[in-house]
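Right, one structure below, let's go through it.
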Amino acid sequence: MSNRNRDTQSRAMRLAGAALVAALSIVPAGAWAQQKTLYVGMNGGDMERAFTQHVFPDFEKANNVKIVVVPGTSTEILAKAQAYKDSPQMHVMFLDDGVMARAASMGLCEKLRDDPVLKDLYPTAVMKDGMAAGIDMGMTGLGYNTRLFKKNGWAAPTSWMDLADPKFKGKVVFQSASNSTFGLHAFLMFNRIEGGDDQRTDPGFAKWSSTIGPNVLEYIPNSAKVAEMIQSDEAAIFPLTPTAIARLKKRDIPVEYAQPKEGSVILMVGECVIAKNSEPDLAQKLALYLLSPQAQENALRYGGHFPSNRKVQADPANQDTLKQFQTYMETAKVLDWDTINATRAAFNARWNRTVER
């Protein structure tokens, strides 16, 4: 090879090297760090879609992390966390409040780190002294069939005791209190009205067969069948949440929500950082981000998930809905889940034996 060719080749290599160095210099250093993965146990379906498409992405981009959803019911997610408690496969989990209380009592949650965002939450959203916090707030009240009510000239329900009104005989649909949180909430509010509390359920059981019981057309294991029973006019009144009612209305089902004068019952999806997880700092950062106005505004806008953060500003389409929700929160009641869970097996057996026999 001639000296001229060598010089030309050498010059080309130097230029290529300089170009590579220049290209590398403009790439953020973080982009070359290995991307980490966080696993989040949560409900699948609509909630998973809303979070993966509209809530998680901002955090993923800001922290060079991939969030993978482990879908399942609260009971299924709890079972997975318990099975791998010494070597967790998940980092954060979302659970219904009653199940979350069990998870925290079992030592499966790591206390949320102190952060100003915790002070922005509804007091009822902070669970077990900061072991968990609500990210999706709701409440169980009464739903009613507006078509049937209009046809019969009935006024909208105002009390849990409307379930016992004789005019609704054979028209009350009630979720099984041994299988459904909605049914359990409704029974425990009836029990309180009759003089009981979350530990003493004898008053409710004693009065059930002479009040609400005779009106019940069917005890259903969950709320999936409610829409069908409204459309066929079998169901006139039933326990349900404002969120579930809103989804039924979008399907043109004739239904409306009523807030009982005794108060609805807080129904919350909580989050906790799983104890002993492999990325404690990043998992804590994600958990606190999910409590922020930014995250919860997107969850409300794209998924209809009501915020636990009182500083959330709704988009125009959800402003009236959020305002109504905040009104409901003023009278919503909180259950003592530790007490309920301690006797839940006996309660379920009694319910199945004496009510759904």
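The values are calculated or read from the model by the stated rules, or taken from the named source; none is laboratory data. Just so you know, these numbers come straight off a predicted model, no measurement behind them. Counting neighbours? That spans all protein chains shown, and the Cβs are built from the backbone with ideal geometry, glycine included. These accessible areas exclude ligands, DNA and RNA; they are computed on the full protein's heavy atoms, side chains included. Shrake-Rupley method; radii C 1.70, N 1.55, O 1.52, S 1.80 Å.
Let me check against my output: what whole-number percent is the relative contact order of the chain, with C-alpha pairs under 8 Å and at least 6 apart? Walk me through the numbers before you get to the answer.
Working: 582 pairs, mean separation 86.2, N = 357.
Reported as a whole number, the value is 24 percent.
Compute from the Cα atoms of segment 162-223 the Rg and the Dmax, the latter being the longest Cα-Cα distance, and quote both in angstrom.
Rg then Dmax for segment 162-223, in Å: 11.0, 31.
Could you work out the equivalent-ellipsoid semi-axes for segment 128-169, taking the square root of 5 times each eigenvalue of the Cα gyration tensor, largest first, in whole Å?
The equivalent ellipsoid of segment 128-169 has semi-axes of 34, 12, 6 Å.
So how far apart, in nm, are the two label points at residue 251 and residue 147 if each is 7 Å from Cα heading toward Cβ?
The modelled label-to-label distance comes out at 1.3 nm.
Per q in 0.19 1/Å, what log10 I(q)/I(0) does a Debye calculation on the alpha-carbon atoms of segment 32-116 return?
-0.94
Excluding same-chain residues fewer than 8 positions from residue 323, which aspartates and glutamates have a Cα within less than 18 Å of its Cα?
Hits, sequence-local ones excluded: 120, 136, 256, 297, 315.
Using the Kyte-Doolittle scale, find the helices of the chain whose mean hydropathy is at least -0.5 and whose Cα atoms extend 24 Å or more along the helix's long axis, counting only whole DSSP H runs. If you can, show how the numbers build up before the last one.
Values: long enough: 3-25 (33 Å, -0.28).
Sorted by number, the helices that extend far enough and score high enough are 3-25.
Non-local amide H neighbours of residue 42 (under 5 Å, H modeled in plane, Pro and chain starts lacking H): which ones?
Answer set, sorted by chain and number: 70, 72, 94.
As a quick test, which of the pairs 150/249; 250/285; 36/311; 80/249; 128/250; 150/311 have an alpha carbon distance above 28 angstrom in this structure?
Exceeds cut-off: 250/285; 36/311; 80/249; 128/250; 150/311.
Evaluate 2.2 N^0.38 Å with N set to the residue count of segment 90-191, then give the Cα radius of gyration divided by it.
Output field value: 1.46.
What does the convex hull of the alpha-carbon atoms of segment 258-340 project to on average, in nm²?
Working: hull surface 29.4 nm².
Approximately 7.3 nm², given one-decimal rounding.
Counting alpha carbon pairs within less than 8 Å and at least 6 residues apart, what relative contact order, in whole percent, applies to segment 197-272?
In percent, rounded to a whole number, it is 20.
Out of all DSSP beta bridges in the chain, what portion is antiparallel? Express it as a percent rounded to 5.
So the antiparallel bridges amount to about 65 percent of the total.
At a 1.4 Å probe radius, carbon and sulfur cover how many percent of the accessible area of the chain?
51 percent
Straight distance only, please: which lysines reach the Cα of residue 207 with their own Cα at less than 27 Å, same-chain residues fewer than 8 apart left out?
Result set, ordered by chain and number: 167, 169, 171, 225, 261, 333.
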